[in-house]
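The structure appears below as structure tokens.
The values are calculated or read from the model by the stated rules, or taken from the named source; none is laboratory data. The structure presented is a predicted model; accordingly, all values stated were derived computationally and were not measured. Positions of Cβ are generated from backbone atoms using ideal geometry, with glycine treated the same way; all protein chains shown enter the neighbour counts. Keep in mind that these areas ignore ligands, DNA and RNA; they rest on the heavy atoms of the full protein, side chains included. Shrake-Rupley method; radii C 1.70, N 1.55, O 1.52, S 1.80 Å.
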Amino acid sequence: MAESKSADSNILLPKEGDWSGFLDEAAEVDVAGGSYNAVVCAAGGWAGGAPGDDGFMKSVDFLYRVNFLTAAASARLAAKYLAPGGLLALTGAAAALQGGTPGMAAYGMTKAATHHLVKSMAEPG
């Protein structure tokens, strides 16, 4: 994860470990009793491979972390700290809307999960 020089604020997630406690603690310090006007998840990655390929599970692990967990962390920040009328931006992909993605199954899976998260965030409650 890398800092965006053009952002007003950055919360950089650790490369490994549990993000749950870290995320809330970092946001409390960062927002200091206020709120965010926007939460933008610009993290992500790509890897190819089919379920039968030797490196498939490594791709799943990597892409789950960089594509989906970063989106989930951003949704958590938005749910707790986004100002009314604020913007949550998550990066989806056309692969999530297509049929199967046999040559890039892990990528399609993580982006489909992100699309589902977007739909869930759009619902009341």
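One table, with the values for the structure above:
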| quantity | calculated |
| --- | --- |
| Selection within the range 4-25 - under 23 Å from residue 62 (Cα atoms), among the aliphatic types (A, V, I, L, M) and at pLDDT 80 or above | 11 |
| Qualifying residue in the range 84-94 (condition: within 28 Å of residue 35 (Cβ to Cβ), open to solvent by less than 20 Å² (accessible area, probe 1.4 Å) and under 13 Å from the mean Cα position of the chain (by Cα)) | no |
| Residue satisfying all of: in the range 29-57; open to solvent by less than 70 Å² (accessible area, probe 1.4 Å) and within 14 Å of the chain's Cα centre (by Cα); farthest from residue 85 (Cα to Cα) among these | 45 |
| In the range 87-119, the residues that are at pLDDT below 95, over 19 Å from residue 65 (Cβ atoms) and of a type in the set (Gly, Ala, Ser) | 94, 99, 100, 103 |
| Selection status of residue 26, of a type in the set (A, V, I, L, M, F, W, C), over 30 Å from residue 94 (Cβ atoms) and open to solvent by 40 Å² or more (accessible area, probe 1.4 Å) | no |
| Filter result (aliphatic (A, V, I, L, M), more than 16 Å from residue 61 (Cα to Cα) and in contact (Cβ under 8 Å) with a residue 12 or more places away in the chain) within the range 99-125 | 117, 118, 121 |
| Qualifying residue in the range 58-81 (condition: at positive phi and over 10 Å from the mean Cα position of the chain (by Cα)) | no |
| Hey, residue 4 part of a loop (DSSP other than H, G, I, E, B), over 15 Å from the mean Cα position of the chain (by Cα) and touching a residue at least 24 places away in the same chain (Cβ under 8 Å) or not | yes |
| Selection count, the range 19-46, where residues are in contact with a Lys or Arg (Cβ under 8 Å, 6 or more places away or on another chain) and hydrophobic (A, V, I, L, M, F, W, C) | 2 |
